[in-house]
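The values are calculated or read from the model by the stated rules, or taken from the named source; none is laboratory data. All figures in this text were calculated on a predicted structure; none of them were measured in a lab. Note that we place each Cβ from the backbone using ideal geometry, even for glycine, and neighbour counts take in every protein chain shown. The protein model used for the area step is the full one, side chains on, heavy atoms only, and it has no ligands, DNA or RNA in it. Shrake-Rupley method; radii C 1.70, N 1.55, O 1.52, S 1.80 Å.
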Amino acid sequence: MPTVLILGASVAGLPIAHALLKNNTSSSNKTKVILVNPSRDFFWMIAAPRILTKPAAFRAEQYLIPIEPGFSGYPKEEFEFVHGAARAVDFPAKTVSVALSAPASEADGPAARTIEYGYDHLVLATGSTTPSSIATPTESGGHAVLYPFKPPPPSTSPSPPPTSLGDLIATAQSRISQAKRIVIGGAGPIGLETAGELADLPHKPSITLISAAARVLPGSTEGASRSAETQLASKGVYVITRRKVVGYSPEEGVVRLDNGETLSTDVYIPTTGVLPNTSYLPAGVLDEKGWVNVDEELRVRGVENVYAAGDITSYPARLAQRAGEQAGIVAHNLVVEIGGGGAAAGKRKRFAPGRAMMVVPIGAAGGTGELWFGWVPFVWLVRLVKGRDFFIAKAKSLVYS
């Protein structure tokens with residue numbers, strides 16, 4: 001029985017695991033799936049702007065879903081969940097070194113925390129993280145509060161024990177609920193969604209949104225940007241364009257801009273882009289920015305029997321929608337490959353990037369975005385599609401697919 005080792009259990013890794021295991025029920029070529037993830041819970045990141053800003057909007061069990069119960073229906077010999085994080089990959093030897101999140105027992109000590117797993121096929125789906133999810137030291141020797149739009153990257157140190165994602169979220173929620181002044185660095189979709197949610201809060205904090213570009217949502221059409229700017233202004237959000245944040249001191253409560261200006265704030269939330277979770281991979285499979293180089297079939301270039309899907313790949317449209325598409329392609333190609341028909345013409349699938357559509361809620365009742373042929377959706381449509389609940393009902397179905 002060939003082993004498929006999947007690193008990462010989020011919007012790409014979960015559906016791949018389920019697809020392979022479901023294929024076992026109808027195929028004579030059965031596969032063992034080993035799923036590795038730093039957390040026992042799946043985090044519905046799509047709803048993070050509302051989760052962090054409006055604690056009463058959802059219950060924790062709606063956005064933090066235990067992973068293992070979702071796979072309890074499969075035979076035990078066909079599935080294994082590993083609570084840990086990849087530390088190194090040896091492609092020639094087909095092994096992955098995994099740091100377990102806890103030793104088997106206290107007597108085992110730290111040495112028992114790292115185990116090597118062999119594989120026949122490997123899937124890289126460890127995704128990305130955000131600057132606001134990474135612990136950065138402050139001038140006083142502590143750490144700034146995290147705003148986890150995505151799970152923090154796994155710690156490379158066995159101690160102290162990592163803070164749970166649920167605790168990080170609760171701390172961020174508490175800090176935001178007490179803030180009178182909030183600065184958001186970055187005016188992409190996450191920055192806009194966060195600003196819109198904050199503007200709805202009953203205590204009406206002062207909100208400043210900073211864009212390094214000449215407009216907000218610089219990656220979208222000008223129509224989408226104009227709509228967003230109008231709605232933000234109506235909500236009292238102050239927008240600064242053509243400026244970058246170059247420093248933040250939580251002790252002083254000061255954000256520093258690239259023109260020398262400073263902004264006083266109680267909370268600073270960086271939403272500028274995403275960072276690849278690829279520190280465990282050799283440089284030879286990465287591009288100059290640290291993303292995994294893949295071909296059209298989502299195979300990792302330069303190595304055998306290794307695929308990648310989701311944010312971790314070098315394709316720039318890092319959206320949940322795209323991760324889901326890539327997961328379907330990787331799962332299909334693995335089934336074909338394991339079944340022995342990988343070379344047959346027409347059987348394998350390819351990923352076509354194209355231009356991604358998106359909707360960006362700006363508060364519970366507002367929003368903008370870009371759909372077919374650059375069309376900017378009506379505000380009511382954004383609310384209907386995403387603004388009401390950020391697709392929260394889909395979170396559990398992804399784990400229990």
So, counting K/R as plus one and D/E as minus one, what does the shell of residues with Cβ under 9 Å around residue 264 add up to?
-> -1
With a/c under 1.5 counting as rounded, go ahead and sort the stretch 240-379 into rounded, prolate or oblate using the C-alpha gyration tensor (a ≥ b ≥ c being the square roots of the eigenvalues; past the cut-off, prolate if a/b is larger than b/c, else oblate).
-> oblate
Residue 373 versus residue 264, label points 7 Å from Cα toward the beta carbon: distance in nm?
-> 5.2
Which residues' amide hydrogens lie under 5 Å from the amide hydrogen of residue 129, considering only partners 5 or more residues apart or on another chain, with H built in the peptide plane?
-> 275, 277
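For residue 163 and residue 252, calculate 0.36 nm times their separation in residues minus their Cα-Cα distance, and state this gained length in nm to one decimal.
29.5 nm
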Low-density loop trypsin sites (Lys or Arg not before Pro), the stretch 1-104, at most 10 other Cβ within 10 Å, DSSP non-H/G/I/E/B, are 59
Using a 1.4 Å probe on heavy atoms of the protein chains only, the accessible area for residue 287 in Å², nearest 10, reads 40
By its C-alpha gyration tensor, with a ≥ b ≥ c as the square roots of the eigenvalues, how is the stretch 167-222 shaped: rounded for a/c under 1.5, else prolate for a/b larger than b/c, else oblate?
-> prolate
Accessible area per residue in Å² at 1.4 Å probe, computed on the stretch 206-250 | 48
Report the full-extension gain for the segment residue 97 to residue 304: residue separation times 0.36 nm, less the Cα-Cα distance, to one decimal in nm.
-> 72.7 nm
Take peptides 293-305, 188-200 and line them up by average Cβ neighbours within 10 Å, highest first, as a rough protection proxy.
-> 188-200, 293-305
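If 133, 101 are ordered by their accessible area, calculated over protein heavy atoms with a 1.4 Å probe, which sequence runs from highest to lowest? Let's see the in-between values first.
Details: 133 0, 101 45 Å².
The residues order as 101, 133, largest area first.
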Taking Cα atoms only, helix 13-24 is inclined relative to the longest principal axis of the chain by an angle, in degrees rounded to 10, of 30
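How much length is gained on full extension from residue 357 to residue 204, taking 0.36 nm per residue of separation minus their Cα-Cα distance?
Values: separation 153, 0.36 × 153 = 55.08 nm, distance 3.14 nm.
Length gained between residue 357 and residue 204: 51.9 nm.
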Using a 1.4 angstrom probe on heavy atoms only, work out the carbon and sulfur share of the accessible area of the chain in %.
-> 54
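Within the chain, what is the longest stretch that has no chymotrypsin sites (Phe, Trp or Tyr not before Pro) placed in a DSSP loop and near at most 16 other beta-carbon atoms within 10 Å?
Numbers: sites that count: 375, 378, 391, 400.
The reported range is 1-374.
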Degrees between helix 320-338 axis and first principal axis of the chain (Cα, 0 to 90, nearest 10) = 10
Label the stretch 1-123 by shape, choosing from rounded, prolate and oblate, from the square roots a ≥ b ≥ c of the eigenvalues of the Cα gyration tensor; if a/c is under 1.5 it is rounded, and otherwise prolate applies when a/b is larger than b/c, oblate when it is not.
-> oblate
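To check you understand DSSP bridge types, tell me what percent of the beta bridges within the chain (both residues inside) are antiparallel, rounded to 5.
Working: 31 of 61 bridges.
Of those bridges, close to 50 percent are antiparallel.
Ignoring ligands, DNA and RNA, what accessible area per residue does the stretch 7-94 give at 1.4 Å, in Å²? Could the numbers behind the result be given before it?
Values: 3460 Å² over 88 residues.
Accessible area per residue, the stretch 7-94: 39 Å².
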Simple SL model, points at 7 angstrom along Cα→Cβ for residue 296 and residue 221; separation in nm is 2.8
Restricting things to alpha carbons, tell me how big the stretch 144-280 is in terms of Rg and Dmax, in Å.
-> 15.8, 49
Pairs beyond 25 Å (Cα-Cα), from 22/347; 76/347; 289/396; 32/94; 22/349 | 76/347; 289/396
For the Cα atoms of the chain, what angle does the longest principal axis make with the long axis of helix 189-199, in degrees from 0 to 90, nearest 10?
-> 50
Specify which residue in the list 363, 190, 263 is farthest towards the positive end of the charge dipole of the chain, using unit charges on the beta carbon of Lys, Arg (+1) and Asp, Glu (-1), about the Cα centre.
-> 363
Calculate the dipole size of the stretch 209-331 relative to its Cα centre from +1 charges on Lys and Arg beta carbons and -1 charges on Asp and Glu beta carbons; express the result in debye to the nearest 20.
-> 360
